[in-house]
Amino acid sequence: MKIKKDIADLKAFMDNIEDEVVDFMDEKAHEALIEQKAARLLSGKRDYLNHTWNLRSSLGYAVTYNGKEKRRFIGDQNHTDPTAGVEANKALNEVNKAGTGVIFVDGMDYASFVSSKGYDVIDTAEAYLKRELVV
């Protein structure tokens, strides 16, 4: 006697789980960028000088699932200088996307220098996301 197995429902269930996980991570990553912006506006601390707005406009993220990029968001697409968005996209294109998670970037090459001086470039967003995604 031969038994047939139909796993179509299982595949649909697994696909639905993937969609739910990606949606949740995307939502939390977007909230993290909003928190980053709010922290800058509400901190009352002296902020880094902002001559070009490129540093703040090049914040972005990618959501990955099983090593594949599922979503991408780049911050201020209305910025007059397209350099910020281009650099953020380039940084996301070059980063290793293994596993499942959220990858934050600031596309400007001097972001780590500004951060090393004690300024909050993307720290608030990272802390928020860690808090929200840790089970």
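The values are calculated or read from the model by the stated rules, or taken from the named source; none is laboratory data. What you see is a predicted model, and the numbers here were worked out from it, not measured in a lab. With ideal geometry, Cβ positions are generated from the backbone for all residues, glycine too; neighbour counts draw on all protein chains shown.
List of remarks:
- Selection within the stretch 124-135: residues that are without any contact (Cβ under 8 Å) to a residue 40 or more places away in the chain and part of a helix (DSSP H, G or I). The member of this set that is farthest from MET108 (Cα to Cα) is ARG131.
- Of residues in the stretch 91-105 being assigned to a helix (DSSP H, G or I) and among the aliphatic types (A, V, I, L, M), the one modelled with the highest pLDDT: LEU92
- Residues being at pLDDT 80 or above and either assigned to a loop (DSSP other than H, G, I, E, B) or under 20 Å from ALA127 (Cβ atoms) (or both) - total across the stretch 23-54: 16
- Conditions (1) surrounded by 11 or more Cβ atoms within 10 Å (Cβ to Cβ); (2) modelled with pLDDT of 90 or more; (3) of a type outside the set (Lys, Arg): number failed by GLU20: (1)
- Taken together, ILE103, ILE122 contain a single residue that is β-branched (Val, Ile, Thr) and more than 18 Å from TRP53 (Cα to Cα), which is ILE103.
- Residue in the stretch 106-113 that is at pLDDT below 90 and under 24 Å from ASN66 (Cβ atoms) present: no
- Screening the stretch 103-129 for residues that are of a type in the set (D, E, K, R) and surrounded by fewer than 12 Cβ atoms within 10 Å (Cβ to Cβ) and picking the one that is nearest to HIS30 (Cα to Cα) gives ASP109.
- Answer residue from the stretch 68-102, given it is of a type in the set (A, V, I, L, M, F, W, C) and touching a helix residue (DSSP H, G or I) at 6+ places or on another chain (Cβ under 7 Å) and is surrounded by the most Cβ atoms within 10 Å (Cβ to Cβ) among those: ALA84
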